[in-house]
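Working notes, structure below.
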């Protein structure tokens, strides 16, 4: 660990979860640079929001909760969400003096000796007593694999590469995925594309009416149970369903949201089902979600046989020095806020040798 700078806590990631954690660290007496650092690989503030497609305006965003201690007010719903959130996060970092270091790539976290962890980065190493991991999922888009995929002569792209509907003008587009991004893409693409086709593995579930606190708690509990068992977390939206709003209703009426079952193979010209039915397309857009970006934690061997990391609250069961925020049940803006506070509370107990609640 020669040359490693020593701090009490390293926070990896400066999205909603990382900034919430940094806020609570500072509020409880930890000083930036002296006691903790926030490392972020992005070029500027905004977390994953800064990479969202321009046509995703702030008014289309569902359930964006303000960061702790500062409300997001007077945001123009017609502005791109990337711009609104980037400016908000930048103001937040400056207001609370969080001093995020960027761009910094965290390459690995490993044992550092003497009960400390060594965080190896593109900007030198850090020695820390505790770590809050808030790396989210944007850097790990999930690409399913299907027979014949490599033979497709058209274009394949993931939601992470989607820049807006204009580039698909006059093309036949297949959208894969039953989540919010899949339906949003379809509704945006339809006026531009020559044709659209929508396929999902399972029939999507749409919910009517308000989504109250009790339903929200029940949904989060289902995701939480998976991470307690060491299974990879599912998204909260996968158990809450999608809101049935006016735009979605119109999409059904216009035949845009005409869901088809998942195809069985990809051909050079498109896709094919087991019964022999074929559809020719120019583009396959994979709106198939993301996975937790945790490869840098691999040296600590935290993963369970089920493929996930067992977590109680935010604390990794296998190592109480590690807290995962924005992971599993806290992978929402309101959940990230709560997780940041909970992680800091547990870390204070750890660093002062107080018993950590089970």
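Points to keep in mind about this one:
- Conditions (1) in a helix (DSSP H, G or I); (2) out of contact with any strand residue (DSSP E or B) (no Cβ under 9 Å at 6 or more places or on another chain); (3) at pLDDT 90 or above: number failed by residue 19: (2)
- Only one of 78, 108 that is in the same structural domain as residue 347 (by TED's automatic domain parsing) and modelled with pLDDT of 95 or more: 108
- Test: residue in segment 243-260 that is under 17 Å from residue 185 (Cβ atoms), modelled with pLDDT under 70 and either within 19 Å of the chain's Cα centre (by Cα) or outside the structural domain of residue 327 (by TED's automatic domain parsing) (or both): no
- The lone exception for residue 25 - which of (1) without any contact (Cβ under 8 Å) to a residue 24 or more places away in the chain; (2) part of a helix (DSSP H, G or I); (3) in contact with a strand residue (DSSP E or B) (Cβ under 8 Å, 6 or more places away or on another chain) it fails: (1)
- Test: residue in segment 133-150 that is on the phi > 0 side of the Ramachandran plot and either surrounded by 17 or more Cβ atoms within 10 Å (Cβ to Cβ) or in contact with a helix residue (DSSP H, G or I) (Cβ under 6 Å, 6 or more places away or on another chain) (or both): yes
- Test result for residue 260, in a strand (DSSP E or B) and closer than 29 Å to residue 207 by Cα: yes
- A count restricted to segment 287-331 and to residues that are surrounded by 19 or more Cβ atoms within 10 Å (Cβ to Cβ), on the phi > 0 side of the Ramachandran plot and part of a loop (DSSP other than H, G, I, E, B) stands at 3.
- Odd one out for residue 33, checked against (1) surrounded by fewer than 24 Cβ atoms within 10 Å (Cβ to Cβ); (2) under 21 Å from residue 137 (Cβ atoms): (2)
- Qualifying residue in segment 207-222 (condition: at pLDDT 95 or above and either within 18 Å of residue 280 (Cα to Cα) or assigned to a loop (DSSP other than H, G, I, E, B) (or both)): no
- Segment 55-86, residues that are in contact (Cβ under 8 Å) with a residue 40 or more places away in the chain, under 16 Å from residue 15 (Cα atoms) and either outside any loop (DSSP other than H, G, I, E, B) or touching a strand residue (DSSP E or B) at 6+ places or on another chain (Cβ under 6 Å) (or both): 86
- Of note, residue 114 satisfies the criterion of being at pLDDT below 95 and more than 21 Å from residue 198 (Cβ to Cβ).
The values are calculated or read from the model by the stated rules, or taken from the named source; none is laboratory data. Here the structure is a predicted model, which means the values were calculated and not measured. Positions of Cβ are generated from backbone atoms using ideal geometry, with glycine treated the same way; all protein chains shown enter the neighbour counts.
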